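Working notes, structure below.
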Amino acid sequence: MNTTLVIITFAIIAFWAVLYALYGKREEKEEGLTVDFFIAMWRTKRLLGFIDRLAGRNRKFWRVYADVGIVLGFMGMAYVFYALFKTAVATLKSGGHNGGVQLVIPGVTIPLWYGLVGLAVVMIVHELSHGVTARADGLPLKSVGLVLLAVIPGAFVEPDEERLSKASLRTRLRVYGAGSMANVATALITLLIINLAITPLLQPSGVLVSGVLENGPSHGILQKGDVIIGMNGVQIKTIDQFIGFMNKTKPGEVVTLTVLRHGKELKLKVKLGTHPDKPGEGFLGIYPAQNMKSKIGFDWLIMPLFFSLYWIYVLNIGIGLMNLFPLVPLDGGRMLDDVIKRYLPEGVANPVRYLTIGFGLLLLAVNLIPALANL
């Protein structure tokens, strides 16, 4: 088993053992922290008044907003199901090496601080949207809070489940679909800000080495975070220039790279390998990405702002859509489950529900193979 995965697993188990020893075996309360096996929940009623005021300002708007969320929910559900099915097929064809989904673990699979900022925005807008929509339709809320499921952080708005179960199908679908509606809307707004306000301030400044292929030609020479600014004396600013240069190389050719590493310029020589998809071309064995810098200076401000907005966009669109996957307890699963129970006879509804759950779990399992293998 991968050493990193073993260390992470033991660290997670140790964390939960300590947390359970300190806070476990307590009765579930309307407020405060409760801890069970690999589940920690912190509840409060302090934000309920704010949600009430927000929902009460224009109930008609929130109901129309939530109706759009229902449509988006079912469209997103179909898209995510198709996308995961397609990547599962690609994963199986490649023997588990390609395709799959990306795990969201700040500091491991995504940048730590930008990832935490993005996840915080995802949780806040998602759960706030659930709560406001529920109150706009007259459903009471019991509490709001934070949850940690193993290593997955989250937030929640806790409606009165008895009242929610007795509400109309349309009301329930509004509540379920509102969370992902908020995430998609936030992603689109963030993308608009990036394109209109941030991108015009940026210019390409080389090719970022976002990863080095293990045992590849650059392994032990280039490092993650290096920025390639020249190749054989030719200035490289854009990813297109990098690809154009590599297209003209041959396997076995020695290339001199000009690299920025921690602000220092280095000259490094790499003997190219053979491109796995283009046997006649050279292969550097890195994961290239476009590096950017500010046109107006103030990189200490502009670049963190850009990356924060970028990860807010990526995580909101990714998690928002993934939450529509038709598998309970995800919102998409609850939407589909309620529709199946409403419109299909019980003798047909239950087999369809179980088949959906089984196939959904299978798709997720197959898609997680590459992610777990790369930890």
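The values are calculated or read from the model by the stated rules, or taken from the named source; none is laboratory data. Small disclaimer: the values here were computed from a predicted structure and weren't measured. In this analysis, Cβ positions are derived from the backbone assuming ideal geometry, glycine residues included, and neighbour counts consider all displayed protein chains. The accessibility values were calculated without ligands, DNA or RNA, using every heavy atom of the protein model including side chains. Shrake-Rupley method; radii C 1.70, N 1.55, O 1.52, S 1.80 Å.
The table below lists the values:
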read-out: Criterion: crowded, with 17+ Cβ neighbours inside 10 Å, part of a strand (DSSP E or B) and not aliphatic (A, V, I, L, M) - qualifying residue of Asn291, Asn316; value: Asn291
read-out: Filtered residues of the range 323-340 (kept if modelled with pLDDT of 90 or more and open to solvent by 60 Å² or more (accessible area, probe 1.4 Å)); value: Arg334
read-out: Tally of residues being surrounded by 11 or more Cβ atoms within 10 Å (Cβ to Cβ) and assigned to a loop (DSSP other than H, G, I, E, B) across the range 253-275; value: 3
read-out: Neighbours by Cβ (under 7 Å, 6+ apart or cross-chain): first from the range 239-257, among the small types (Gly, Ala, Ser); second assigned to a strand (DSSP E or B) and surrounded by 11 or more Cβ atoms within 10 Å (Cβ to Cβ); value: Gly252/Lys271
read-out: Residues satisfying the stated conditions in the range 222-242, i.e. outside any helix (DSSP H, G or I) and open to solvent by less than 50 Å² (accessible area, probe 1.4 Å); value: Leu222, Gly225, Asp226, Val227, Ile228, Ile229, Gly230, Met231, Ile236, Thr238
read-out: Selected residue (only one of Ala90, Ala55, Ala17 is assigned to a helix (DSSP H, G or I), within 22 Å of the chain's Cα centre (by Cα) and of a type in the set (A, V, I, L, M)); value: Ala90
read-out: Among (1) open to solvent by 50 Å² or more (accessible area, probe 1.4 Å); (2) in contact (Cβ under 8 Å) with a residue 24 or more places away in the chain; (3) not in a strand (DSSP E or B), the one test that Ile198 misses; value: (1)
read-out: Options Thr171, Thr186; residue that is under 24 Å from the mean Cα position of the chain (by Cα), polar (S, T, N, Q) and more than 18 Å from Glu30 (Cβ to Cβ); value: Thr186
read-out: Single condition Gly297 does not satisfy, out of (1) part of a strand (DSSP E or B); (2) at positive phi; value: (1)
read-out: Criterion: buried (at least 19 other Cβ atoms within 10 Å of the Cβ) and charged (D, E, K, R) - qualifying residue of Arg163, Arg172; value: Arg172
